[in-house]
Amino acid sequence: MDELTLLTVNFIVAFIVLVTMAGLYQTSKADHCLIHWSLAGLGFLVNSAIGLIYAPLGLPYFLGPPLGNSALIASYLLLLSGVASYLAKPVSWRLLGVLLASIYLLSLSSFAQADVIHRFLLSYPILIAANLYTIWLLVSSRQAGLRASSIVLLGILCFNALQLSLRLITFLLDQMQLTAFSINWLLHTIGTLAVMLFMLLSMVGCVLLWARKKELALRQLAETDALTGWLNRQSMAEKMQAELHLCQRQRLPFSLLTFDIDHFKQINDKHGHSIGDTVLQDIAWLGKTILRDYDLLFRTGGEEFVACLPGVTPDQASAIARRFKNAVAKHHFNNSSTLKVTISQGIAGTANAYSNPETIASLQQQADHALYQAKQQGRDQVRLFAATCS
Ligand SMILES: Nc1nc2c(ncn2[C@@H]2O[C@H](COP(=O)(O)OP(=O)(O)OP(=O)(O)O)[C@@H](O)[C@H]2O)c(=O)[nH]1
């Protein structure tokens, strides 16, 4: 491949990267990482355009290497800031601007002008550092479900950091006159191909990350009840089963607490549907404050809820339910002391999920039965399956 063809292909690849990222940004403007990655595509495009036209058009030096280098470094930094924004970390545009201006001014220095290797020596450490920091951000991220989708980006970042480091070492050895070295055509071609590969695969990696986050957000939306923020029935059995299995393996207790607002139809009829909605929201909020973050909370029907309490014995669940009952009694629904709301609660569970195995279906039946008893015996009650408590 001759140089012109290589640089033209490089330009086309950069153009594809820019168009893809900008297109995605247009469809999803709330995802700020896409603006960073689109600008990274623009940086790649400017870098490749300068590579293509600098010599043929005989541009002045300040419009050539300094601009091209700064554009390439900007791409790496924007890739990094895009990942930071994706992971909800703060990003400083001002710092980015100051860094790039300093790099441009440094590229105008007589040291940088003297030799292409000098310019590499100035820019490669920054490129490597940007790659390594991006890798660190991805690896140290604790966001669930993103590990597998970051493999492509991690792979290309590692490869790129490695090839840049090897090239940097070669340049340093040359500067120390330990090797006789010159930028020949083969090395130039390999360098351009590496940039192309990096552009393409980093774009694929970013798109995969973005798509995975979208998928997780959609899944969460589909599984969440819009009114209360609690989970809906969609994946209830599957999620509870997973928790029960964990408790069985670890020989832990496991309990289900099911509850239902008493005479909710009357509340709706007397105060209106929107006040009824507020009551549902308040009950869900109170439940959330009483229960642990780890507990799984479901709204299973109109005014029916289930809390899955891993690691909690039925007796402990009864104590929690009584706290919940008291909190509901004290709460001023709709900021009024006249709107009285009570709940009935049914509990089922096992003190040791391993030695006393139960299925989710049987525990649910038992908890429903206990709730039915609570309703039958006057409502505003807590009932433990096969036992009576108040
Ligand atoms: N405001 C509001 N009401 C709802 C919603 N979903 C269901 N409902 C109402 O909840 C009421 C449930 O009534 P019932 O099943 O008779 O239960 P209840 O009146 O609480 O009686 P008990 O459970 O026996 O104490 C119905 O009137 C439904 O219309 C909702 O999202 N918002």
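Tabulated values for the structure
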{"quantity": "For a label point 7 Å along the Cα-to-beta-carbon line of LEU173, residues of region 191-214 with backbone N under 18 Å", "calculated": "191"}
{"quantity": "Net lengthening on full extension, THR338/TRP136 (0.36 nm per residue, minus Cα-Cα)", "calculated": "67.1 nm"}
{"quantity": "Cα centroid of region 73-89 to Cα centroid of region 2-57, whole Å", "calculated": "16"}
{"quantity": "Ranked list, fewest to most other Cβ atoms within 10 Å of each Cβ, for SER141, SER202, SER102", "calculated": "SER102, SER141, SER202"}
{"quantity": "Equivalent ellipsoid dimensions for the chain as semi-axes, Å, which come from the Cα gyration tensor, largest first", "calculated": "63, 22, 16"}
{"quantity": "Count of Lys pairs (Cα-Cα under 23 Å; at least 8 positions apart or interchain) in the chain", "calculated": "25"}
{"quantity": "Förster radius 45 Å - calculated FRET efficiency between ALA226 and THR359, Cβ distance, rounded to 0.05", "calculated": "0.90"}
{"quantity": "Highest-first arrangement of 263-275, 344-356, 125-137, where packing means the average Cβ count within 10 Å", "calculated": "344-356, 125-137, 263-275"}
{"quantity": "Peptide ranges 365-372, 276-283, 330-337, 306-313 listed from the most packed, as the mean C-beta count within 10 angstrom indicates", "calculated": "306-313, 365-372, 276-283, 330-337"}
{"quantity": "Sparse-neighbour loop sites [trypsin sites (Lys or Arg not before Pro); region 96-173; at most 16 other C-beta within 10 Å; DSSP]", "calculated": "ARG142, ARG147"}
{"quantity": "Residues PHE198, PHE111, sorted so that the one with the fewest Cβ neighbours within 10 Å comes first", "calculated": "PHE111, PHE198"}
{"quantity": "Tail weight of P(r) past 21 Å, computed on alpha-carbon pairs of region 300-386, percent", "calculated": "33"}
{"quantity": "Peptides ranked, highest mean first, by Cβ atoms within 10 Å: ranges 226-234, 169-177", "calculated": "226-234, 169-177"}
{"quantity": "Residue of LYS214, LYS375, LYS340 that the Gaussian network model of the chain assigns the largest fluctuation, springs spanning Cα pairs under 10 Å", "calculated": "LYS340"}
{"quantity": "Percentage relative contact order, region 236-384, counting C-alpha pairs under 8 Å, at least six apart", "calculated": "35"}
{"quantity": "Centre separation in Å (Cα based) which lies between region 147-168 and region 316-388", "calculated": "54"}
{"quantity": "Order of PHE62, PHE15 under a 10 Å beta carbon neighbour criterion, fewest first", "calculated": "PHE62, PHE15"}
{"quantity": "Mean separation of Cα contacts under 8 Å, 6 or more apart, over the residue count of the chain: relative contact order %", "calculated": "12"}
{"quantity": "Radius ratio Rg over Rh of region 19-135, counting only Cα atoms, Kirkwood formula for Rh", "calculated": "1.01"}
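Every number in this text was worked out from the coordinates using simple rules, so none of it is lab data. Because the structure is a prediction, the values reported are computed rather than measured. All Cβ positions, even for glycine, are placed from backbone atoms using ideal geometry, and neighbour counts span all protein chains on display.
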